[in-house]
1. What ranking do 143-152, 204-213, 191-200 get when scored by the average of other Cβ atoms within 10 Å per residue, highest first?
2. Using amide H atoms built 1.01 Å from N in the peptide plane, name the residues 5+ places from Asp63, or on other chains, whose amide H lies under 5 Å from its own.
3. Note down the magnitude of the dipole of the range 6-219 about its Cα centre, charges +1 on Lys and Arg C-beta and -1 on Asp and Glu C-beta and zero elsewhere, to the nearest 20 debye.
4. Karplus couplings for the range 122-132 from phi (6.51 cos²θ - 1.76 cosθ + 1.60, θ = phi - 60°), rounded to Hz, Gly and Pro as x?
5. Roughly what angle does helix 133-142 make with the longest principal axis of the chain, taking Cα atoms, 0 to 90 degrees, to the nearest 10?
6. Can you give me the long-range amide H partners of Thr100? Hydrogens built in the peptide plane at 1.01 Å from N, cutoff under 5 Å, separation of 5 or more residues or another chain.
7. Measuring from centroid to centroid over Cα atoms, what is the spacing of the range 119-148 and the range 185-217 in Å?
8. Past the 20 Å Cα-Cα mark, which pairs from Lys106/Lys193; Lys197/Lys221; Lys28/Lys200?
Amino acid sequence: MMNRPYIIVVSEVTIDGKLTLYRGASSKELMSIMTKEVYKYLHSIRAQVDAIMVGCETVRTDDPSLTVRYVEGKNPIRVIPCSTANVPLNASIFSKDAPTIIVTTKRASQERVKKIKELGAEVIYAGEDLVNFDILLPLLYEKGIKKLMVEGGASINWEFARNGYIDEIRIIHLPVLVGGENVPTLVGGEGFKSLKKVLKLEIINHFTIDKFLITEWKVQK
Ligand SMILES: NC(=O)c1ccc[n+]([C@@H]2O[C@H](COP(=O)([O-])OP(=O)(O)OC[C@H]3O[C@@H](n4cnc5c(N)ncnc54)[C@H](OP(=O)(O)O)[C@@H]3O)[C@@H](O)[C@H]2O)c1
């Protein structure tokens with residue numbers, strides 16, 4: 001088995017499994033219903049991991065900073081898979097609060113990579129077309145990243161699920177129902193399509209914080 005970080009997927013999800021209000025919408029509006037205590041839960045996980053990852057599309061739509069603000073603790077390293085390095089140069093993930101790694105492929109232009117490096121971020125190459133996690137995860141492990149939190153979106157979550165790279169899933173259930181057929185859910189991609197292949201989970205913890213149910217799951221190997 002490859003040397004890779006322990007991976008925890010963490011997400012805020014409506015009771016119908018949606019990540020946001022409509023396709024292309026920032027999830028920040030939906031997340032505005034979360035209370036300070038719920039943010040503390042989320043940020044306490046961030047403070048316990050070595051690195052945090054979100055997909056490039058989440059950076060483009062949500063512009064998150066991925067830092068620890070609601071509890072005391074160290075900011076994790078920010079890791080962003082971005083196959084053409086098409087990440088806005090004024091994105092909050094380039095703030096000086098934490099190191100940032102942009103993971104890209106041969107498709108990225110040299111000029112773009114140079115600009116990103118000038119912002120102080122590290123650029124690493126992993127893959128030809130899209131970012132290849134089989135290459136990336138051992139590289140992160142070698143860099144000392146032993147625990148990685150993955151905060152979405154749907155496409156990135158699928159990449160981890162599909163390859164069997166998820167160890168734990170922690171869900172903040174938002175007590176709202178959004179609807180909409182093509183609104184991104186917790187996991188996108190092709191789907192497993194067979195009961196044999198689906199990820200099998202075991203519940204390890206459940207509790208409420210204010211009006212929010214929290215569930216914590218271990219993936220059965
Ligand atoms: N509620 C929550 O907890 C939460 C959390 C995060 C996001 N969201 C929401 O989720 C939505 C974004 O989700 P998303 O699924 O569209 O995007 P995503 O998973 O955040 O990012 C996908 C992007 O990552 C890049 N990428 C690089 N290598 C990849 C690979 N091997 N496989 C897949 N993607 C790869 C691609 O962009 P390039 O082509 O540029 O490489 C791809 O478009 C937004 O609406 C956001 O608000 C919600």
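Here, each number is a calculation from the coordinates, and none is a lab measurement. Treat the numbers as computed from the prediction; the structure is a model and nothing was measured. FYI the Cβ positions are ideal-geometry reconstructions off the backbone, even for glycines, and counts take in every protein chain you see.
1. The packing order, highest mean first, is 143-152, 204-213, 191-200.
2. Those lying under 5 Å, H to H, from Asp63: there are none.
3. On the way: 28 positive and 26 negative charges, 40 e Å.
For the range 6-219, the charge dipole is close to 200 debye.
4. 8, 10, 10, 9, 8, x, 9, 9, 9, 5, 9
5. So the helix axis and the longest Cα principal axis differ by about 80 degrees.
6. Placed amide hydrogens put Arg78, Glu122 under 5 Å from Thr100.
7. Each part reduced to its Cα centre gives a spacing of 25 Å.
8. Correct reply: Lys106/Lys193; Lys28/Lys200.
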